[in-house]
Amino acid sequence: MIRNALLTFSTFVSIVLFPWPLSALLVCITAFFEPLVPVAAGLFADTLYYAPGAGMPLFTLYGLVLSIIIVLVRSQLRASIIGE
């Protein structure tokens, strides 16, 4: 429980302080424990770095795709024989 909160908090801090590849890696790691963090982090990054006329909110879309992939992977892992 504390681990999930600490990972989520550090993900949002990394979006502000670190370059995007490091933040993306931390989002991928956190997504295995909290599947909706990539969408929230994408919304946060798009809001924080908004530029008028920039077009599509790419961080949010990437976060949504990653969240969908993580949910599908987690459901397959729970349904597999190995998980028993």
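Residues in region 46-66 that are farther than 21 Å from VAL16 by Cα and either among the aromatic types (Phe, Trp, Tyr) or within 13 Å of the chain's Cα centre (by Cα) (or both): 1 in all. Among the residues of region 17-24, is any of a type in the set (S, T, N, Q), surrounded by fewer than 19 Cβ atoms within 10 Å (Cβ to Cβ), out of contact with any Pro (no Cβ under 7 Å at 6 or more places or on another chain) and without any contact (Cβ under 8 Å) to a residue 40 or more places away in the chain? For region 17-24, residues of a type in the set (S, T, N, Q), surrounded by fewer than 19 Cβ atoms within 10 Å (Cβ to Cβ), out of contact with any Pro (no Cβ under 7 Å at 6 or more places or on another chain) and without any contact (Cβ under 8 Å) to a residue 40 or more places away in the chain: absent.
A quick yes/no check of all residues on (1) crowded, with 19+ Cβ neighbours inside 10 Å; (2) touching a Ser or Thr at 6+ places or on another chain (Cβ under 7 Å); (3) among the β-branched types (Val, Ile, Thr); (4) in contact (Cβ under 8 Å) with a residue 12 or more places away in the chain:
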| position | (1), (2), (3), (4) |
| --- | --- |
| ILE2 | no, no, yes, no |
| VAL13 | no, no, yes, no |
| ALA45 | yes, no, no, yes |
| TYR50 | no, no, no, no |
| LEU61 | no, no, no, yes |
| LEU66 | yes, no, no, yes |
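Quick one: which of VAL65, VAL71, VAL13 is touching a Pro at 6+ places or on another chain (Cβ under 7 Å) and on the phi < 0 side of the Ramachandran plot? Can you show your working first?
Values: VAL65 fails: touching a Pro at 6+ places or on another chain (Cβ under 7 Å); VAL13 fails: touching a Pro at 6+ places or on another chain (Cβ under 7 Å).
Sole residue among the options that is touching a Pro at 6+ places or on another chain (Cβ under 7 Å) and on the phi < 0 side of the Ramachandran plot: VAL71.
Read-outs throughout are calculated quantities, based only on the coordinates presented, and are distinct from any laboratory measurement. Here the structure is a predicted model, which is why all the values come from computation and not from measurement. Every residue, glycine among them, receives a Cβ derived from its backbone with ideal geometry; neighbour counts consider all protein chains shown.
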